[in-house]
Amino acid sequence: MTPMQLALLEARAAALRGEVPVGAVLTDASGAVIAAAGNRVEALADPTAHAEMLVLRAARERLGGKFLPGCTLTVTLEPCPLCAAALALFRIERVVFGAYDPKSGGIEHGPRIFQHPTCHHRPEVIGGVEERASMALLREFFAERRDPANSAER
């Protein structure tokens, strides 16, 4: 299973928990999975419990130290500005993401964190990997919440 396939599984699991379906996987230089998670913002009542932040924290706990050099983060949605800044701070080597996020993204959209002159670490970025599958999960999740027939279930 590829890291993006695993991230998509994490995103689906997040949706089943009522979380925005975003999944992330962190792999080391050899491609071994260090950590995987889906969003847990609602479950933890923590607005920073994004999938990316959870895997970064878990990897740091597992590996020790404060940086994660040589690691690749694979995530189903373009990271927001908070997560993009964290990726730079953790010195992630590569970021691979699925769906682009014109509204809340922080890499290719919005503040474009890695393009700022004050950003001291700029990972390689590869966007649009499994973009359709990632976007389909998000569209389905939000369409379900907008459907008036589902309002009694919430």
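Starting from the residue with the highest accessible area, list L6, L16, L63 in decreasing order, probe 1.4 Å.
Details: L6 45, L16 155, L63 95 Å².
Greatest to least solvent exposure: L16, L63, L6.
Taking a virtual spin label 7 Å from the Cα of I126 along the C-beta vector, which residues in the range 6-42 bring their backbone nitrogen under 16 Å of it?
Zone members listed by number: 6-8, 25-33.
I'm spelling it out carefully: the read-out is semi-axes √(5λ) of the Cα gyration tensor in Å, the candidates are (1) 23, 19, 15; (2) 20, 19, 14; (3) 26, 17, 14, and one was derived from this structure. Which label?
(3)
How much of F90 can a 1.4 Å solvent probe reach, expressed as accessible area in Å² and rounded to 10?
30
So how do S104, S134, S30 rank on accessible area, 1.4 Å probe, biggest first, that is with the largest at the start? If you can, show how the numbers build up before the last one.
Details: S104 55, S134 0, S30 100 Å².
Order by accessible area, largest first: S30, S104, S134.
Hey, could you get me the Stokes-Einstein D for the range 36-110, Kirkwood radius over alpha-carbon pairs, 37 °C and 0.692 mPa s, rounded to whole µm² s⁻¹? Don't jump to the answer; show the numbers that get you there.
Numbers: Rh = 12.5 Å.
D, rounded to a whole number, is 262 µm²/s.
The values are calculated or read from the model by the stated rules, or taken from the named source; none is laboratory data. Computed from a predicted model, the values in this text were never measured in an experiment. Using ideal geometry, Cβ is built from the backbone for each residue, glycine included, and neighbour counts are taken over all protein chains shown. When the accessible area is computed, the model is the full protein with side chains, heavy atoms only, and any ligands, DNA or RNA have been set aside. Shrake-Rupley method; radii C 1.70, N 1.55, O 1.52, S 1.80 Å.
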